[in-house]
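Peer 1: Quick one: the structure is below, and I'll ask about it shortly.
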Amino acid sequence: MAGGGALARLRRPFYGWYVAGAAFISLFLQASTGGFTFSIFLPAMSADLGWSRSTIVVASSLSSITSALIAPVLGRIVDRRGPRLTFLLSVICMGIALAACGFVDHPWQFYLAFGIMIGAARSALQSVLPGVMIANWFVRRRGAAYSAAAMGPPIANFVLPPLVTLLVTGLGWRTGWVGLGVVCLVLGLIPALFVVRRRPEDIGLHADGDTPETEPAAPSEPRPAIVATPTSEEWTAREAARSPAFWMVAAGMSLILLAPNVSIVFMFSYLSSKGMEPSVAATAISTVSAMQVLSRLFFWSPVISRLRSVRRIVIVWGCILLASSLLLAFAQGEVWAFIGAGVLGLGLGGNLVLQLQIWPEYFGRKEIGAIIGTGQLLQGLSNAIVPLALAALIDHTGSYTVLYLIVAALVTVGLSLHAIVGRPRRPRLGALTDT
């Protein structure tokens, strides 16, 4: 019997993979409020309520501002209190806010529901919670865990657009928002209540499922590329915030991420401008998401696992996103629009994996919640300002060519920053004392 019990324990999956599953749900839910879904509501709400596109996109920009401003606070809370309560409150807040979007009649109501409430919840679900949970539960297997959790957004983007399109075209955009709210509550409450735990040590485990007997042998095992190696530096959030290199990393990532973030917000309207019917445009969006899933499984995850640093692969990823912006800028007709969308899907495959992994690789996991939250400041502000400005541009010109050329220029700046900064070096106390 004792031997059978030991065998059962050996066969039991490491609990950290359940936590990674909760991170998957977190990222799936935040993607339900992202640009692919938002772009489906955009023309329907504009036609029914008489609001301009820029008026509606203000809500998305306000959501990004709220997310950026609250992320450092949420990061510190999760570092100190653990992720469970923040996860639970974020799911409830997002579910109620999504349903409330279906009852709006005035812009201020939409700004409150989507801009403030969803922005606050998305800040936690998008980066802080998944980043902290996986960083705390995995070291050697962190790359694999991030890759598994990061499948949440592409799967959401593959499944939800056709369903939301059916709801919006068949029952109206108000029903579509309420349906999303129900999905959020149904999927999110169970992992928030019963799965999430703070650290493996809290339940008598060790990171990666190691035991005290096996941990000393771990350095001789083949290591994934994205891990906290013995030479990794553990930064505090204050040290990171005082480092110019930290802000160069944050700015570079924010500018590169404008390519997918802007494209996603305007994708449905862009494809419609190329003469596609709503059902065909929704299918194209799902195709982008399918490419995202396939490239993440068969390209990005294997490549990342074989490299010792994300720095070079981030440059490759940025170049792919730059190419997608240029293709979309000069696309002539539906075929080239599909090609540009496919290249965007290829770039999206590496999006979240690299975005999350770069922080613990560069800055350790000591105060990773606050560091991720602080790093989201620039990303949130850029996501707020740039799409809003480009929406106003579309309202005045009706052309997407200049939009994508501007995005391509900003991505080029982000790539340059990332190539220049390299891996930040933590300041040494002794060196500071000597000076």
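Peer 1: Of the conditions (1) surrounded by fewer than 24 Cβ atoms within 10 Å (Cβ to Cβ); (2) under 15 Å from Trp173 (Cβ atoms); (3) in contact (Cβ under 8 Å) with a residue 60 or more places away in the chain, Ser52 fails just one. Which one is it?
Peer 2: (2)
To keep it simple, each residue is scored yes or no on (1) farther than 18 Å from Ala68 by Cα; (2) not polar (S, T, N, Q).
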position: Leu352; (1), (2): no, yes
position: Gln355; (1), (2): no, no
position: Arg365; (1), (2): yes, yes
position: Ile372; (1), (2): no, yes
position: Ile385; (1), (2): no, yes
position: Leu415; (1), (2): yes, yes
position: Gly422; (1), (2): yes, yes
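Peer 1: Follow-up. I'm trying to understand the selection: among the residues of segment 341-392, which are in a loop (DSSP other than H, G, I, E, B) and within 24 Å of Gly82 (Cβ to Cβ)? Give the derivation first.
Peer 2: To start, the set of residues in segment 341-392 that are in a loop (DSSP other than H, G, I, E, B) comprises 349-350, 364-367.
Residues satisfying the conditions are Gly364, Arg365, Lys366, Glu367.
Peer 1: On the given criteria, is Phe36 at pLDDT 80 or above, among the aromatic types (Phe, Trp, Tyr) and either assigned to a helix (DSSP H, G or I) or closer than 24 Å to Thr165 by Cβ (or both)? Talk me through it step by step, then tell me what you get.
Peer 2: On the way: at pLDDT 80 or above: no; among the aromatic types (Phe, Trp, Tyr): yes; either assigned to a helix (DSSP H, G or I) or closer than 24 Å to Thr165 by Cβ (or both): yes.
Taking the combined requirement at face value, the residue does not satisfy it.
Peer 1: Of all residues in segment 129-163, which are of a type in the set (Phe, Trp, Tyr) and under 13 Å from the mean Cα position of the chain (by Cα)?
Peer 2: Filtering segment 129-163 for residues of a type in the set (Phe, Trp, Tyr) gives 137-138, 146, 158.
Result: Tyr146, single match.
Peer 1: Right, next: Failed condition for Ser399, given (1) modelled with pLDDT under 85; (2) within 26 Å of Ser263 (Cα to Cα); (3) part of a helix (DSSP H, G or I), with all others met?
Peer 2: If we test Ser399 against (1) modelled with pLDDT under 85; (2) within 26 Å of Ser263 (Cα to Cα); (3) part of a helix (DSSP H, G or I), just (3) comes out false.
Peer 1: Here is a further query. Against the definition (modelled with pLDDT under 80, out of contact with any helix residue (DSSP H, G or I) (no Cβ under 6 Å at 6 or more places or on another chain) and closer than 30 Å to Ser54 by Cα), how does Gly430 come out, yes or no?
Peer 2: On the way: modelled with pLDDT under 80: yes; out of contact with any helix residue (DSSP H, G or I) (no Cβ under 6 Å at 6 or more places or on another chain): yes; closer than 30 Å to Ser54 by Cα: no.
Criteria not met by Gly430.
Peer 1: Restricting the search to segment 100-128, which residues are buried (at least 19 other Cβ atoms within 10 Å of the Cβ), among the small types (Gly, Ala, Ser) and more than 22 Å from the chain's Cα centre (by Cα)?
Peer 2: Scanning segment 100-128 gives a single hit, Ala100.
Peer 1: Here's another thing I want to ask about it. Would segment 265-275 turn up any residue that is under 23 Å from Thr169 (Cβ atoms), of a type in the set (S, T, N, Q) and out of contact with any Leu (no Cβ under 7 Å at 6 or more places or on another chain)?
Peer 2: Yes - at least one qualifying residue is present in segment 265-275.
Peer 1: Okay, next question. Any residue in segment 217-234 that is of a type outside the set (Lys, Arg), at pLDDT 80 or above and within 29 Å of Gly349 (Cβ to Cβ)?
Peer 2: no
The values are calculated or read from the model by the stated rules, or taken from the named source; none is laboratory data. Only a predicted model underlies this, so the values are computations on that prediction, with no experimental measurement involved. Backbone-built Cβ (ideal geometry, glycine too); neighbour counts: all protein chains shown.
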